[in-house]
Amino acid sequence: MRVVMVGTGYVGLVSGVCFADFGHDVICVDKDPAKIETLNAGGIPIFEPGLEALVAKNVRAKRLSFTTDLKAAMKEADAVFIAVGTPSRRGDGYADLSFVYAASEEIAQYMEGFTVIVTKSTVPVGTGDEVEKIIEKHHDTDSFAVVSNPEFLREGAAITDFKRPDRVVVGTENPKAKEIMRALYRPLFINETPILFTSRRTSELIKYAANSFLATKITFINEIADLCEAVGANVQEVAKGIGLDKRIGSKFLHAGPGYGGSCFPKDTLALARTAEEANVSLSIVSSVIDANEARKRRMAHKVIDALGGDLTGKTIAVLGLAFKPNTDDMRDAPSLTIIPRLQDKGAVIRAYDPEAIEEAKGLLKDVIYMDGPYACLEGADALVIITEWDEFRALDLRRVKAALSKPDVIDLRNIYQPKAMQAAGFNYNSVGRPD
């Protein structure tokens, strides 16, 4: 099938490349000439493991191409995916849909024959109705169908998530659109992937509900971690004890400095705003939003307290800046809250992240960026671990202790064991565990 992907951000690029790898002919379109030039030259504007090789493979197979020319791309298109950004709107937190609506207007100008317009972007309930109204200004209703097809991609594991998903959700009641969507996802049938067809509005809500539920699990275990610290319990064992219950599950029960990234902060906020407009109380979601922001601040104070309260003149080595490993995404990363508060207390910050340093440079001021973990540690008064990259999990502890001027380690991701760290001579602090 011929697929057009409008938007080459994280979702659009990964989705377009994976559809091409399924065997479809895919054209990815973006208004940014520099981004398209980079892609056509074999470069990748985002970091995602395995993506560069998959792009190269499908470009060589002539199933994947990149352009700024939507009109040319639209010729004989069976499905056009809208995968543009929907950032939180300033002031009220609602999703900014201006890019979605602008893409819809442009798509309407170039449609030929029956076309399925698919919203892949994360959009509030009712957005598909508005897209449909835009298209209806230019075309009869029997010449197109607007479909919701939310993405459930984890940064750092997006290719696997697309090719081996837990489910595919498709919001449409149009028979032609259902057949086209089935054809697009036919390669998943061999794995017996559930494809859930719903109404469009239900599909739109599923995405927000899923992310808000996962954000709630993270926030819950973070609050339990605080209780563990107060009563002398171990949050990792609590998480294992409840996670073995199949009704709960073990995923997203890892205590840490709070969630961040492109999805959870934005989607919880958008869901809460949608509920407000519908005059429905979502007190749990609202509490999760507030608790997560408080969590990030509390982790800064945890570091400050562990180091005696006064950080004037102290050099702190920070390992990890991205909101999670295997991505360069700095959006709403805990480091953006923690580091400025340490600086406010007088600390000098050295930082290292395997992928996110360039992104961080535009967001964190007066930070000394280093090119490796041990260089970051040399002569520092303390080590703070904020992101659990694999390369931080097996540091040479003797080398770490020799590099630090004081053996103070604050591990906000619990990647080391307290007894082992104490035996190695560190003053070790972690989250929700008896140290």
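Before we move on, is LYS217 over 27 Å from MET299 (Cα atoms) and under 22 Å from the mean Cα position of the chain (by Cα)?
No; evaluated as a whole, the condition is false for this residue.
Show the residue pairs that are 6+ apart or on different chains and have beta-carbon atoms under 6 Å apart, the first residue being within segment 17-36 and farther than 18 Å from PHE99 by Cβ and assigned by TED's automatic domain parsing to the domain that holds VAL80, the second being of a type in the set (A, V, I, L, M) and assigned to a loop (DSSP other than H, G, I, E, B).
HIS24/MET1
Does ILE224 fit the bill of being assigned to a helix (DSSP H, G or I) and either at pLDDT below 95 or among the β-branched types (Val, Ile, Thr) (or both)?
yes
Could you tell me whether any residue of segment 242-251 is outside the structural domain of ASP78 (by TED's automatic domain parsing), surrounded by fewer than 22 Cβ atoms within 10 Å (Cβ to Cβ) and outside any loop (DSSP other than H, G, I, E, B)?
Looking through segment 242-251, at least one residue is outside the structural domain of ASP78 (by TED's automatic domain parsing), surrounded by fewer than 22 Cβ atoms within 10 Å (Cβ to Cβ) and outside any loop (DSSP other than H, G, I, E, B).
If you go through segment 164-181, how many residues are loosely packed, with under 15 Cβ neighbours inside 10 Å and either of a type outside the set (Asp, Glu) or not in a loop (DSSP other than H, G, I, E, B) (or both)?
Number satisfying all stated conditions: 5.
Which of the residues spanning segment 325-362 are surrounded by fewer than 18 Cβ atoms within 10 Å (Cβ to Cβ) and of a type in the set (Gly, Ala, Ser)?
Answer for segment 325-362, where residues must be surrounded by fewer than 18 Cβ atoms within 10 Å (Cβ to Cβ) and of a type in the set (Gly, Ala, Ser): GLY346, GLY362.
Would you be able to say whether some residue in segment 211-221 is among the charged types (D, E, K, R), under 27 Å from ASP290 (Cβ atoms) and outside the structural domain of GLY23 (by TED's automatic domain parsing)?
yes
Can you name the condition, by its number, that ARG297 falls short on among (1) among the charged types (D, E, K, R); (2) without any contact (Cβ under 8 Å) to a residue 40 or more places away in the chain; (3) part of a helix (DSSP H, G or I)?
All conditions pass for ARG297, except number (2).
Output the residues belonging to segment 136-162 that are crowded, with 22+ Cβ neighbours inside 10 Å and outside any loop (DSSP other than H, G, I, E, B).
Residues satisfying the conditions are PHE144, ALA145, VAL146, VAL147, SER148, ALA158.
Can you find a residue that is within 19 Å of GLY346 (Cα to Cα), surrounded by fewer than 16 Cβ atoms within 10 Å (Cβ to Cβ), in contact (Cβ under 8 Å) with a residue 12 or more places away in the chain and not hydroxyl-bearing (Ser, Thr, Tyr) anywhere in segment 368-376?
Yes, segment 368-376 contains at least one residue that is within 19 Å of GLY346 (Cα to Cα), surrounded by fewer than 16 Cβ atoms within 10 Å (Cβ to Cβ), in contact (Cβ under 8 Å) with a residue 12 or more places away in the chain and not hydroxyl-bearing (Ser, Thr, Tyr).
Quick grid of which residues meet (1) touching a Ser or Thr at 6+ places or on another chain (Cβ under 8 Å); (2) hydrophobic (A, V, I, L, M, F, W, C):
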{"residue": "VAL4", "(1), (2)": "no, yes"}
{"residue": "GLY7", "(1), (2)": "yes, no"}
{"residue": "VAL11", "(1), (2)": "yes, yes"}
{"residue": "ASP25", "(1), (2)": "no, no"}
{"residue": "CYS28", "(1), (2)": "yes, yes"}
{"residue": "PRO45", "(1), (2)": "yes, no"}
{"residue": "GLY50", "(1), (2)": "no, no"}
{"residue": "LEU64", "(1), (2)": "no, yes"}
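Just checking, which of VAL285, VAL238, VAL280 is farther than 20 Å from SER212 by Cα, outside the structural domain of ASN326 (by TED's automatic domain parsing), out of contact with any Lys or Arg (no Cβ under 7 Å at 6 or more places or on another chain) and among the β-branched types (Val, Ile, Thr)? Before you say what the answer is, go through the steps one by one.
Working: VAL285 fails: farther than 20 Å from SER212 by Cα; VAL280 fails: farther than 20 Å from SER212 by Cα.
Going through VAL285, VAL238, VAL280 in turn, the sole match is VAL238.
Condition test on LYS207, is it crowded, with 19+ Cβ neighbours inside 10 Å, assigned to a helix (DSSP H, G or I) and either on the phi < 0 side of the Ramachandran plot or not assigned by TED's automatic domain parsing to the domain that holds ALA77 (or both)?
Taking the combined requirement at face value, the residue satisfies it.
Please work out if GLU388 is among the acidic types (Asp, Glu) and within 23 Å of the chain's Cα centre (by Cα).
The answer is yes for GLU388.
Checking the structure you have, find out if any residue of segment 318-331 is modelled with pLDDT of 95 or more and over 28 Å from ILE159 (Cα atoms).
yes
Out of ALA95, ALA103, ALA79, which single residue is within 16 Å of ARG2 (Cβ to Cβ) and in contact (Cβ under 8 Å) with a residue 12 or more places away in the chain?
Answer to the check: ALA79.
The values are calculated or read from the model by the stated rules, or taken from the named source; none is laboratory data. If you're wondering where the values come from, they're calculated on a predicted model, not measured in any experiment. No Cβ is skipped: glycine too gets one built from the backbone with ideal geometry, and neighbour counts run over all protein chains shown.
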